[in-house]
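Here the structure comes first, spelled out in structure tokens, and everything after it is commentary.
Just so you know, all these numbers are worked out from the coordinates, no wet-lab data involved. The model shown is predicted, which means the values in this text are computed figures rather than measured ones. Every residue, glycine as well, gets a Cβ built from its backbone with ideal geometry; the counts of neighbours run over all protein chains shown.
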Amino acid sequence: MNLSNLKPAEGSTKQRKRVGRGQGSGRGGTSTRGHKGAKSRSGYSRKIGFEGGQMPLQRRVPKFGFTNINRKEFKGINLDTIQMLAETKNAKEITIQLLLDNGLCSKNDKIKLLGRGELKAKLDVTVHAYSATAKSAIEANGGTANTL
């Protein structure tokens, strides 16, 4: 066996269906597309969600609720995460840049510190917002909670 006589295993490959190559092929004429209608034409592509003229699902289901345009989305980070960061990086000060460098947030995120977990380290924290329990936990350890 060498490169000149390699073949795929028997039955592992199939010939593609060659349509529109004359009546003798058995796939001439309408080229497996049937007769007339949109699906038989060239360039046909069905709209996403099209259900054959029946009212599509996204139009049958009623609309409800609203989106408040003034809402501010915060990325929540808990005290236990901050404590772990302080221990591993020996940080005395927690800033947005430190969180960014450690992959805890992305560039345009607004950060809110939340109160899950326990904080043992004395830290100076500077983020966009705090929950009441997080702020009191930081200040109980002698740290400061600064708001951006």
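Give the long-range amide H neighbours of TYR130: residues separated by 5 or more places, or on another chain, with amide H under 5 Å away, using H modelled in the peptide plane at 1.01 Å from N.
LEU113
For a footprinting-style exposure proxy, rank THR126, THR147 by other Cβ within 10 Å, fewest first. Walk me through the intermediate numbers first.
Numbers: THR126 17, THR147 10.
Least crowded to most crowded, the residues run THR147, THR126.
For segment 1-65, go through all pairs of different Cα atoms, get the mean of 1/r, take its inverse, and jot down that Kirkwood value in Å.
After inverting the pairwise mean of 1/r, the radius is 17.0 Å.
Calculate the dipole size of the chain relative to its Cα centre from +1 charges on Lys and Arg beta carbons and -1 charges on Asp and Glu beta carbons; express the result in debye to the nearest 20. Please report the intermediate quantities before stating the final value.
Details: 28 positive and 11 negative charges, 394 e Å.
Magnitude of the dipole: close to 1900 debye.
Decide, for segment 75-147, between rounded, prolate and oblate: order the square roots of the alpha carbon gyration tensor eigenvalues as a ≥ b ≥ c, take rounded if a/c falls under 1.5, and otherwise choose prolate if a/b is larger than b/c, else oblate.
Taking the square roots of the gyration eigenvalues as a ≥ b ≥ c, segment 75-147 is oblate.
Karplus couplings for segment 111-117 from phi (6.51 cos²θ - 1.76 cosθ + 1.60, θ = phi - 60°), rounded to Hz, Gly and Pro as x?
Result, rounded to whole Hz: 9, 10, 8, 10, x, 6, x.
Choose one of SER40, ILE77, GLY115: the residue whose Cα lies farthest towards the positive end of the charge dipole of the chain (beta-carbon charges +1 Lys, Arg; -1 Asp, Glu; about the Cα centre).
About the Cα centre, the residue reaching furthest to the positive side is SER40.
Collect residues whose amide H, placed 1.01 Å from N in the peptide plane, falls under 5 Å from the amide H of ASN78; neighbours closer than 5 in sequence don't count.
For ASN78, the qualifying residues are LEU114.
Separation between the ASP124 and LYS92 pseudo-spin-labels, each 7 Å from Cα along Cα→Cβ, expressed in nm?
0.8 nm
Excluding residues fewer than 8 places away in the same chain, name every one of the lysines whose C-alpha is closer than 29 Å to that of LYS120.
Partners within reach: LYS75, LYS89, LYS92, LYS107, LYS110, LYS112, LYS135.
Positive end of the charge dipole of the chain (Lys, Arg +1 and Asp, Glu -1 on Cβ, about the Cα centre): tell me which of GLY65, GLY11, ALA145 has its Cα farthest that way.
GLY11
Can you classify the chain as rounded, prolate or oblate using the Cα gyration tensor, where a ≥ b ≥ c are the square roots of its eigenvalues, rounded means a/c under 1.5, and otherwise it's prolate if a/b beats b/c and oblate if not?
Values: a/c = 5.52, a/b = 2.15, b/c = 2.57.
Oblate, since a/c reaches 1.5 and b/c is not below a/b.
So which aspartates and glutamates pass the test for LYS72, namely a Cα distance under 18 Å, with those fewer than 8 places away in the same chain ruled out?
Partners found: ASP109.
Whose amide H sits under 5 Å from the amide H of ILE94, counting only residues 5 or more places off or on another chain, with H placed in the peptide plane?
It is ASP124, VAL125, THR126, by chain and number.
Among ASP124, ASP101, what is the fewest-to-most ranking by other Cβ atoms within 10 Å?
Values: ASP124 14, ASP101 11.
Ranked by crowding around the Cβ, least crowded first: ASP101, ASP124.
Can you work out ³J(HN,Hα) from phi for every residue in segment 11-24, in order, using Karplus 6.51 cos²θ - 1.76 cosθ + 1.60 and θ = phi - 60°, giving whole Hz and x for Gly and Pro?
Each residue's phi maps through the Karplus curve to give x, 8, 10, 10, 6, 6, 7, 8, 9, x, 10, x, 5, x Hz.
Simple spin-label model, 7 Å along Cα-to-Cβ: GLU73 to THR147 in nm?
Each label point is offset 7 Å from its Cα along the Cβ direction, giving 2.3 nm.
If you restrict to DSSP beta bridges whose two residues both lie in the chain, what percentage is antiparallel, to the nearest 5?
Working: 1 of 13 bridges.
The antiparallel fraction comes to roughly 10 percent.
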